[in-house]
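To start, the structure itself, in structure tokens.
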Amino acid sequence: MSDENTPPATPPPANDPPPTPPANDPWKGFRGVCAGTLVLEAIVILLALPIVAQLGGGITWLSGGLIIGSAVLMVLGAGVQGRSWSMKFNIALQVILLLGFFVDLSIGAVGVIFGIVWAYLIYLRRDLQQRMARGQLPSQQQRPLG
């Protein structure tokens, strides 16, 4: 049933430019890098378990709890990287691993190595924020038509 007052549907003119694709979310990529880093760090800290068992005093409840607890928190933390508090959570995990020097040197060594990685990620985050504020990201640039 069509109404007589309704104008007939006309196709859009052929000279309209095609719609531009949606801009990429740069934070989505950064969150993925942070989540991947946490998963890799969890794997590395679990691989330190045999080293802690062979060197020093062996695995104690403190060293084993620190390693396994940190790894579980890292895997869980990889799933919450979209939250506003995720970077604070990541840094808190690094501080815990750095304090692992007081438990076992190998735990602290992993903390130092990944502390450098997280320091670089903080630098990248700040750079991304500054570039977004200045409008210098590729997704913020105007694309020529045609």
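Residues that are farther than 14 Å from L97 by Cα and of a type in the set (A, V, I, L, M, F, W, C) were ranked within region 53-65; the one that is surrounded by the most Cβ atoms within 10 Å (Cβ to Cβ) is I59. Determine whether region 126-138 contains at least one residue that is surrounded by 13 or more Cβ atoms within 10 Å (Cβ to Cβ), of a type in the set (A, V, I, L, M, F, W, C), in a helix (DSSP H, G or I) and on the phi < 0 side of the Ramachandran plot. Yes, there is a match, as at least one residue in region 126-138 is surrounded by 13 or more Cβ atoms within 10 Å (Cβ to Cβ), of a type in the set (A, V, I, L, M, F, W, C), in a helix (DSSP H, G or I) and on the phi < 0 side of the Ramachandran plot. The set of residues in region 62-80 being touching a helix residue (DSSP H, G or I) at 6+ places or on another chain (Cβ under 7 Å) and at pLDDT 95 or above consists of L66, I67, S70, A71, L73, M74, V75, G77, A78, V80. Would you confirm whether or not region 101-120 contains a residue that is surrounded by fewer than 13 Cβ atoms within 10 Å (Cβ to Cβ), modelled with pLDDT under 95 and among the acidic types (D, E)? The answer is no, given that none of the residues of region 101-120 is surrounded by fewer than 13 Cβ atoms within 10 Å (Cβ to Cβ), modelled with pLDDT under 95 and among the acidic types (D, E).
Can you pull out every residue in region 55-98 that is of a type in the set (D, E, K, R) and either in a helix (DSSP H, G or I) or under 18 Å from I113 (Cα atoms) (or both)?
In the first step, residues of region 55-98 are kept if they are of a type in the set (D, E, K, R); the result is 83, 88.
Listed by number, the list holds a single entry, K88.
The values are calculated or read from the model by the stated rules, or taken from the named source; none is laboratory data. All of these numbers come straight from a predicted model, not from anything done at the bench. Note: ideal-geometry Cβ built from the backbone for every residue, glycine included; neighbour counts use all protein chains shown.
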